[in-house]
There are 2 protein chains.
Amino acid sequence: MDTRDWRREPEPKYWHLRTLLTEALDTEFSVGEVLPNERALAARYGVARATLRQALEQLELEGRLQRRRGVGTTVAPPRVGVDLSPSQHAWPGRPGDPWTVTAAAPAPPPPAVARLLDLPSGATVEIIHRTLTTHGRPVATEELYVPGAVSPPAPADPAEGPERARRLLRLLQECEPAGQDRTVELGAATAETAHRLDRLPGSPVLLVTTRYLTAGRTAAASVATYRADTCRLTFANQPALTALTG
Amino acid sequence: MDTRDWRREPEPKYWHLRTLLTEALDTEFSVGEVLPNERALAARYGVARATLRQALEQLELEGRLQRRRGVGTTVAPPRVGVDLSPSQHAWPGRPGDPWTVTAAAPAPPPPAVARLLDLPSGATVEIIHRTLTTHGRPVATEELYVPGAVSPPAPADPAEGPERARRLLRLLQECEPAGQDRTVELGAATAETAHRLDRLPGSPVLLVTTRYLTAGRTAAASVATYRADTCRLTFANQPALTALTG
DNA sequence: AAGTGGTCTAGACCACGGC
DNA sequence: CCGTGGTCTAGACCACTTA
């Protein structure tokens, strides 16, 4: 057993700096305000720029700051809540859904998704790309994977694009109300999603994987990528199952 | 509009390195294996140690690696799934609950929690600390906040400690089955929770805030901190509400 | 004591945004 | 063009674990 008192150990400079900056943010700055640049801040606190940046990274992770190359470091607004309650997303694409469809085309899914859908490797599915924007800024992208059995192509359909996507989503709406599985984990943005979210590659993101079920079978799956700095996922007022099934 | 093709731009060294290391992890290493030390890896790939560390940080964020000072860098096992379905946690502390109570005592809650519980600032609540351990490693800590109105102290109760906590949890079990609110967001471990989770201050964690409801009122609240590198939160097979309320 | 990852420095150059 | 944050270097020293 570790008998030392961890509280008495000297804390790293970047951590102390984080505390100082947090207090400064709480008292001296308001949302949207631009901080002094990194070189000036480093000088003010008497540390190397790399050390200061380590502290800023922490605060960005916590959603307190927003940094943009060529622009500067600004105080971030509170995170936006995104509702992931099952009732809100029984099927994606229902009327009033705030997501914007950007593309759709048949293609083979990544191996992890094929496993999720119980498909043989090599099978192709419809892949629908969507984006969620709030306050004029992109906060999430999603790929929705729909096996051909669920939504057979119509002869008149365009081969790809938003129009095809909208037809597919309309088809989904007509299915039975469905259950769903979700998992949430931390991830790092790939180059492509980073670009779509206006972030740098490797930025921390919340990865939400959903399995959509009809009659006990996996009808579709989606992988949504939320900007971890700007999003708070909410699962609203869910009655305990014991109250409903008992 | 940005017309450049972002795919053709040269990627940063640390990002390319991340790709190389990912491939190496997939083909040449198995779970638990120890990687060469950072100085050796940096030399092998012809980069500075700081650059190599940037790549390792990415992989740790993705849950692929685990680094421990004085020990080395090892290949991490797949993330453990933690079930956060409402049915699993109608109330904390039910029989079979895998959490371990570590402490309990009355104290004023942090301001954010007081707001959540709709309490005047200065009011005190019961604070119960719990820890979740899987495979012998701590993966989460939680503080459960219970207002005195819900669980009035009994004269014979010890002033604090696990015994008091267990009585409080027993009291909760006797209440009505309840609904709940949840939010999930990214956070940075404080010095104290970092210590409890065997991590460094500032490590990325998943912050799960839960409001427990009885008869439409907030009966209690909890803030749980999950190690983001080792945990995957799951919300199992939830029937769409339309199917239950319709 | 030896070897690991963690912290910190002081500098350089690059990519981007706005003027 | 200039100022911003992003990348990268080559070193030093520290804190921790293990033997």
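Laboratory data are not the source of any read-out in this text; all were calculated from the coordinates shown. Note that the structure is predicted; figures quoted are calculated from it, not measured. Note that each Cβ is placed from the backbone with ideal geometry, even for glycine, and that neighbours are counted across all protein chains shown.
Within a Cβ distance under 9 Å of residue A:223, other residues only, what is the Lys/Arg minus Asp/Glu net charge? Here the count lands on -2. Distances between copies at residue A:166, taken between label points 7 Å from Cα along the C-beta direction, are 6.3 nm in increasing order. Here the Gaussian network model covers chain A, with springs between Cα atoms less than 10 Å apart; of A:143, A:60, A:38, A:38 fluctuates the most. Centre-to-centre separation between the Cα atoms of segment A:104-133 and those of segment B:52-70: 29 Å. Along the axis of the charge dipole computed for the protein assembly as shown (Cβ charges of +1 for Lys and Arg, -1 for Asp and Glu, origin at the Cα centre), the listed residues A:169, B:193, A:84 are led at the positive end by B:193.
Given a Förster distance of 51 Å, report the FRET efficiency between residue A:124 and residue A:51 from their Cβ-Cβ distance, rounded to the nearest 0.05. Could the numbers behind the result be given before it?
Numbers: r = 50 Å, r/R0 = 0.98.
In this case the efficiency is close to 0.55.
Projecting 7 Å from Cα along the Cα-to-Cβ direction, the label point of residue B:29 sits 3.6 nm from its equivalents in the other copies, listed shortest first. By other beta-carbon atoms within 10 Å, ranking B:227, A:199, A:94 with the fewest at the front produces A:94, A:199, B:227. Of B:130, A:170, the sequence from fewest to most neighbouring Cβ atoms within 10 angstrom is A:170, B:130. Charge dipole (Cα centre; +1 on Lys/Arg Cβ, -1 on Asp/Glu Cβ; no other charges) of the protein assembly as shown amounts to roughly 880 debye. Each of B:45, B:17, B:214 was placed along the dipole of chain B (beta-carbon charges, centred on the mean Cα), and the one lying farthest toward the positive end is B:45. Rounded to the nearest 500, the 222 nm mean residue ellipticity of chain B from helices alone is -8000 deg cm²/dmol, with -39,500 (n - 2.57) taken per DSSP H run of at least 4 residues.
Shown is the FRET efficiency for residue A:11 and residue A:115, computed with R0 = 51 Å from the Cβ-Cβ distance and rounded to the nearest 0.05: 0.70.
Segment B:191-220 and segment A:179-207 have Cα centres spaced 22 Å apart. Among A:80, A:139, A:47, the residue with the largest mean-square fluctuation in a Gaussian network model of chain A, with springs joining Cα atoms closer than 10 Å, is A:47.
Taken about its Cα centre, segment B:6-75 carries a charge dipole of about 320 debye when Lys and Arg each add +1 at the Cβ and Asp and Glu each add -1 at the Cβ.
Charged side chains reduced to their Cβ positions (Lys and Arg at +1, Asp and Glu at -1) give segment A:80-243 a dipole of some 180 debye around its Cα centre.
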